[in-house]
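Just below is one structure, and these are the notes that go with it.
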Amino acid sequence: MILKFLLLGVWMVLVPLGMGYFALGAAKTKEIKSGSGGRKKLEIGYVFCLGYIVMWAVFQLVAVPFVIQKGKYHKVELIFEILSLTFAIAGGLLFLLHLKYKLWKNPMLCLREFWKRIKDREELAVVLLWLLFLAGLLFQLMQTYRLAYADGDDAFYIPVSVAAGNSNTMYLKDSYTGSPININPRYGLAPFPIWVAFIASKCGVNAAVAAQSLIPLVLIPVTYILYLELGKLLCRNVISGEEPKEQMRQKRLLPLFMIFVVLLQIFGNYSIYPASTFLLTRTRQGKAALGNVILPFFILLLYKMAEEVKKQGKAGMQNAFWLMAAMTAGCLCSTMAGFLCSMLVMLTAGLIFVLYKKPYILLQGFLGCVPGIIYALLYLKY
């Protein structure tokens, strides 16, 4: 079992980290060549979340053509494994290169600064708040692993994952009877269960075990990392002033925000519809990944784009690529993502345009919606 958890860590932690850093690596490499880079603190949470977006986008691009052409699952598995490992290794090498050129702060120095702050009583209070948040998160993970929650949709999604690994086919068998069927584009164009089958095969477990017990142990923290990144933006400069007491209040805001989020999730399962229910009891389903990972990432990215427009007059062109990747990843989770995410992107881009009068943001927003438009046309065709 320890080996299975290690493999889970490789494919759901290390690989997304490497892919996320590779996605950001090109811009940082330019900073090295131009000499404009400075030593900064690595936003590891944003890199990790971006890695999941890139990983799911790559899987969508690999899997959908094979699903449409009634191809074999093992070909999808092989191609995606090669691509993901290549990107992850490239990201790891880029990180080592950037450390060599001192683009990022040394992680060991950051740890030393952390231990120095703990000696201060007021700083210790902040640490205790973070420990309280971590206790709530660990409680959720423990309960998710211990209590295998049964959901009616599992009767469809999990058999699709199991059939992919056992019969080497995708969406060609009825989940309820096992009889041959034609591909239903409503499900085949959003092959999130095939990704679940991939994780199960890499960990060496049955797809039902991976979906019910293993995958939530990582996707739940991914969701909280996204909330943490959003909280950093929302809690900045809420309290003005340079006095020590006001600075300490500022530091306490973020852990308090995260504790509040934990409590909302723990006590949010009052029906089958809230986001809390999808996060804690239906994590293995694509629509749960859409609501708890993809949409918060869109909000985080659009917030960052708005700040860039405010400060620099325009958002970096790489943001359009991240929007396209997130749109593609959303289509992996649900065929409705193309419509929902496109509406979110264009409404927000329109609002940014109204606020700052920068038409370039509308072009970036439209480019981000292109994958959603393409998958909508595929849905109508098939």
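Annotation: residue 85 fulfils all but one of (1) at pLDDT 90 or above; (2) over 21 Å from the mean Cα position of the chain (by Cα); the unmet one is (2).
Within segment 7-44, restricting attention to residues that are in a helix (DSSP H, G or I) and open to solvent by 60 Å² or more (accessible area, probe 1.4 Å), which residue is modelled with the highest pLDDT? The extreme case among them is 14. The residues of segment 260-274 that are without any contact (Cβ under 8 Å) to a residue 24 or more places away in the chain and either under 21 Å from residue 129 (Cα atoms) or among the small types (Gly, Ala, Ser) (or both), listed by number, are 260, 264, 267, 268, 271. The set of residues in segment 229-239 that are part of a loop (DSSP other than H, G, I, E, B) and either among the basic types (Lys, Arg) or closer than 18 Å to residue 293 by Cβ (or both) contains only 236. Beta carbons closer than 7 Å, at least 6 apart along the sequence or on distinct chains, never pair a first residue in segment 371-382 that is farther than 18 Å from residue 62 by Cα with a second that is open to solvent by 90 Å² or more (accessible area, probe 1.4 Å) and modelled with pLDDT under 85. Do the conditions hold for residue 375, that is, is it surrounded by fewer than 16 Cβ atoms within 10 Å (Cβ to Cβ) and either within 28 Å of residue 68 (Cα to Cα) or aliphatic (A, V, I, L, M) (or both)? In short, no.
Within segment 286-305, the set of residues being crowded, with 19+ Cβ neighbours inside 10 Å and either modelled with pLDDT under 90 or among the aliphatic types (A, V, I, L, M) (or both) comprises 288, 289, 290, 293, 294, 295, 300, 301, 302, 305. Taken as a whole, segment 318-328 holds at least one residue that is of a type in the set (Val, Ile, Thr) and either open to solvent by 70 Å² or more (accessible area, probe 1.4 Å) or within 30 Å of residue 191 (Cβ to Cβ) (or both). Right, residue 54: open to solvent by less than 30 Å² (accessible area, probe 1.4 Å), of a type outside the set (Ser, Thr, Tyr), at pLDDT 90 or above and within 18 Å of the chain's Cα centre (by Cα) or not? Judged against the criteria, residue 54 is a match.
The values are calculated or read from the model by the stated rules, or taken from the named source; none is laboratory data. This one's a predicted model, so the numbers in the text were calculated from it and none came from an experiment. Cβ sites come from the backbone with ideal geometry, for glycine too, and all protein chains shown count toward neighbours. Heavy atoms of the whole protein, side chains included, go into the accessibility calculation; ligands, DNA and RNA do not. Shrake-Rupley method; radii C 1.70, N 1.55, O 1.52, S 1.80 Å.
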